[in-house]
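Here the structure comes first, spelled out in structure tokens, and everything after it is commentary.
We did not get these values from a lab; they are worked out from the coordinates using the rules stated. Note that the coordinates shown come from a computational prediction; the quantities given were computed from them, not determined experimentally. Heads up, the Cβs are rebuilt from the backbone with ideal geometry, glycines too, and the neighbour counts pull from every protein chain shown.
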Amino acid sequence: MDVEVPADPFVDGTSCDASRFLGAPRSQDAPRTQVSPSRPTSPRPPPFIIAGLTGLREITALVKTVTNNFKIKNIGSSSARLTVEDGKTYREVQNLLQANEIPYNSWQPKEERSFRVVARGLHSDTDKGHL
């Protein structure tokens, strides 16, 4: 007697999980692709907050004399946020703003920040020159 068995959704390939039952390669069996080593990236410099603007065109034209790789966004009626991509451009724009006496606010870049180290468990008579 021939009995027709209904198709199992996990075997006939209609289910989204069917690949693991049909002998498809699992992720650990799949050939691994080599990732090319990328160059180390430095953190992006902080933005400039420029206050007292009457329009963005003047500051945009001024910054374009140094670089074309920047973004500027209006963040208030008379303020703007100016961001640049790398540290060298950051210094050039900072010098430009200082030379033209444009009021701005910014933070110290991460790669220039100093840090303190605490050496615990040392005797108070330890010579600091030996550390």
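Some values worked out for this structure:
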quantity	calculated
Per-residue ³J(HN,Hα) for region 100-111, Karplus 6.51 cos²θ - 1.76 cosθ + 1.60, θ = phi - 60°, Hz, x for Gly and Pro	8, 6, 8, x, 8, 10, 8, 10, 6, x, 4, 6
Förster radius 30 Å - calculated FRET efficiency between Arg116 and Ser78, Cβ distance, rounded to 0.05	0.20
Under 23 Å from Lys71, Cα to Cα: lysines that are on another chain or at least 8 residues apart	Lys88, Lys110
Label-zone membership for region 99-114, site Glu92, 7 angstrom Cα→C-beta point, backbone N under 17 Å	99-100
